[in-house]
Amino acid sequence: MKNLILRWNNLTRREQLAISLAVVLLVIATVIVGVIQPALRGIRDLNQRLPLLAAQKAQVEMLSSTFSKTVQPLSPSRQALLQMATSMNLAAEVTGEGPFTLKFQAASFSTVMQMATQSKRSFALSVREAKFEKLPAGTVSGQLVLAR
């Protein structure tokens, strides 16, 4: 390192300026090639894909509006919720008619969450209240109150 400093100091002012300018140009070229060109290429590619993406968006919106008009969520009932719980191997008791109360003992937490998610998808029911008691090995006891 000392040798390099001595060499630098032995150069004339003009040579030091020329080397400094060359290093600056090399750094600028590296930034252009490594950062700016890939960014510009990405922007160009996205601009080329934009019409296709806009067309796909329009198709999805059309299909979703058609689907939402033709499909109404099922009307929930205690029996339907009980069948859903049974199909998920969730031993539960369902009470209520407006808001439904789903009571369970020593059930897998993930199964309870799947039940909540599926009741939202099938019956447009949301969890209004949840009470859990943590048990060993990832199981819980408690209740969920589901309502529209």
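The values are calculated or read from the model by the stated rules, or taken from the named source; none is laboratory data. Remember, it's a predicted structure, so these values are computed and weren't measured experimentally. Surface areas here come from the heavy atoms of the whole protein model, side chains and all, with no ligands, DNA or RNA. Shrake-Rupley method; radii C 1.70, N 1.55, O 1.52, S 1.80 Å.
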note = Per its Cα gyration tensor (rounded if a/c is under 1.5, else prolate when a/b beats b/c, else oblate), the chain is best filed as oblate
ask   = Mean separation of Cα pairs under 8 Å and 6+ residues apart, divided by the residue count of the chain: what relative contact order is that in percent?
value = 16
ask   = For the chain, what does -39500 (n - 2.57) per DSSP helix run (n ≥ 4), summed and divided by total residues, give at 222 nm, in deg cm²/dmol to the nearest 500?
value = -20000 deg cm²/dmol
inquiry  = With only alpha-carbon pairs counted, each pair once and no self-pairs, how large is the Kirkwood hydrodynamic radius of segment 69-146 in angstroms?
reply    = 12.6
request  = State the percentage of accessible surface on segment 94-148 attributable to carbon and sulfur atoms; use a 1.4 Å probe and exclude ligands, DNA and RNA.
outcome  = 54
task = Report, in order of residue number, the helices in the chain meeting two criteria: a C-alpha extent of 30 Å or more along the helix axis, and a mean Kyte-Doolittle hydropathy of at least -1.0; treat each whole DSSP H run as one helix.
result = 37-70
